[in-house]
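A.B. asks: Have a look at this one before I ask anything.
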Amino acid sequence: MKILPVIILALFTGQAIAQDLPLFDAHIHYSHDAVIKVPPEQAAKILREAGVRSALVSSSDDDGTQKLLAAAPEIVVPALRPYRRRGEIGSWMHDATVIDYVEDRLARFQYKALGEFHAYGDDIETPVFQHMIALAKRHNLLLHAHSDADAVERIFKSWPQARVLWAHSGFDNPEKVRATLRRHENLWSDLAFRSEQASAEKVDPQWLAAFEEFPDRFMIGTDTFAPERWYYIKEHADYSRAWLSSLPKELAANIGFRNAEKMLGLLK
Ligand SMILES: [Zn+2]
């Protein structure tokens, strides 16, 4: 009988909450080589075992996303990446055939976002990128942008009503990220492939200030840019839960899953 209070106590400790915290992984790729190395059923299992309740998935090429969606329809939120193979990161905005590919996919499948794409500075002014913005407008798609702050400004200048998820928070420092978030209320920021925001269970004070100023804008992401990164999803989920557990419960839930759900209009 003495064991019961211990169990009840354990249920209310930060650790129990942390282990239970569902996660929305806002930065997953499942590209052609990952599909071969980690087949769809196995990929779905990895996400489920990591407690990833939802994931924003985009792949080079898009077949990976469609296969993962079929294997884990309760988890995958599909995004369309304008890349057919690896190696198009720096050239796609100068390649008009990308538009044919994107238009074809948009006609055949449903998506919530366009991206993750890479575009910096005046890449935004290229006809291909501007065409992409027009397509996002027409299909009401969020833009998942791996971009510098200059490109983010240019996107909003081209389309003031855009909704933008800033991949990796631009790899900028928290001060710069905060300044950019202040300028655009439809800008969200993922923390994918970053770790300086927290070590073990301790959140960096400057990042904490950013999370407190913008409790509704940040979200986590693994960034499975290479097939091997699929084996890191569980570890990344554990790492995320560990540092999120040091935050107030509401803020942890926001960054853990709620902000991404709200951003995508998917509140559960
Ligand atoms: Zn990425």
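The values are calculated or read from the model by the stated rules, or taken from the named source; none is laboratory data. What you are looking at is a predicted structure, and each value in this text was computed from that prediction instead of being measured. Every residue, glycine as well, gets a Cβ built from its backbone with ideal geometry; the counts of neighbours run over all protein chains shown. Please note that ligands, DNA and RNA were not included when accessible areas were found on the heavy atoms of the full protein model with its side chains. Shrake-Rupley method; radii C 1.70, N 1.55, O 1.52, S 1.80 Å.
A.B. asks: Is there any pair with a first residue in the stretch 100-114 that is under 25 Å from residue 261 (Cβ atoms) and a second that is of a type in the set (Val, Ile, Thr) whose Cβ atoms are under 9 Å apart and which are 6 or more apart or on different chains, and what are they?
C.D. replies: Close Cβ pairs satisfying both conditions: 109/65; 111/65; 111/77; 112/77; 113/77; 114/102; 114/133.
A.B. asks: Something else now. Among the candidates 138, 108, 163, single out the residue that is among the basic types (Lys, Arg), modelled with pLDDT of 95 or more and closer than 22 Å to residue 60 by Cα.
C.D. replies: Working: 138 fails: closer than 22 Å to residue 60 by Cα; 163 fails: closer than 22 Å to residue 60 by Cα.
Selected residue: 108, the only one of 138, 108, 163 that is among the basic types (Lys, Arg), modelled with pLDDT of 95 or more and closer than 22 Å to residue 60 by Cα.
A.B. asks: For residues in the stretch 17-46 being within 16 Å of the ligand (Cβ to nearest atom) and outside any helix (DSSP H, G or I), which is farthest from residue 81 (Cα to Cα)?
C.D. replies: Within the stretch 17-46, the match that is farthest from residue 81 (Cα to Cα) is 24.
A.B. asks: Checking the structure you have, find out if any residue of the stretch 167-184 is open to solvent by less than 20 Å² (accessible area, probe 1.4 Å), away from the ligand (no atom under 16 Å from the Cβ) and part of a loop (DSSP other than H, G, I, E, B).
C.D. replies: no
A.B. asks: Condition check: without any contact (Cβ under 8 Å) to a residue 24 or more places away in the chain and open to solvent by 10 Å² or more (accessible area, probe 1.4 Å). Does residue 232 satisfy that? Let's see the steps before the verdict.
C.D. replies: Numbers: without any contact (Cβ under 8 Å) to a residue 24 or more places away in the chain: yes; open to solvent by 10 Å² or more (accessible area, probe 1.4 Å): yes.
Against the criterion (without any contact (Cβ under 8 Å) to a residue 24 or more places away in the chain and open to solvent by 10 Å² or more (accessible area, probe 1.4 Å)), residue 232 qualifies.
A.B. asks: Take the residues in the stretch 3-52 that are touching a Lys or Arg at 6+ places or on another chain (Cβ under 7 Å) and of a type in the set (S, T, N, Q); name whichever of them is modelled with the lowest pLDDT.
C.D. replies: Looking at the filtered set, the residue picked out is 19.
A.B. asks: Would you please name the residue that is farthest from the ligand (Cβ to nearest atom), looking only at residues in the stretch 208-229 that are closer than 18 Å to residue 64 by Cα and open to solvent by 30 Å² or more (accessible area, probe 1.4 Å)?
C.D. replies: 228
A.B. asks: Hey, does the stretch 193-201 have a residue that's in contact (Cβ under 8 Å) with a residue 24 or more places away in the chain, within 15 Å of the ligand (Cβ to nearest atom), farther than 19 Å from residue 251 by Cβ and outside any helix (DSSP H, G or I)?
C.D. replies: For the stretch 193-201, residues in contact (Cβ under 8 Å) with a residue 24 or more places away in the chain, within 15 Å of the ligand (Cβ to nearest atom), farther than 19 Å from residue 251 by Cβ and outside any helix (DSSP H, G or I): present.
A.B. asks: Just checking, which of 124, 133 is within 25 Å of residue 30 (Cα to Cα), part of a helix (DSSP H, G or I) and in contact with a Ser or Thr (Cβ under 7 Å, 6 or more places away or on another chain)? Quick ask: steps written out before the conclusion?
C.D. replies: Details: 124 fails: within 25 Å of residue 30 (Cα to Cα).
Among 124, 133, only 133 is within 25 Å of residue 30 (Cα to Cα), part of a helix (DSSP H, G or I) and in contact with a Ser or Thr (Cβ under 7 Å, 6 or more places away or on another chain).
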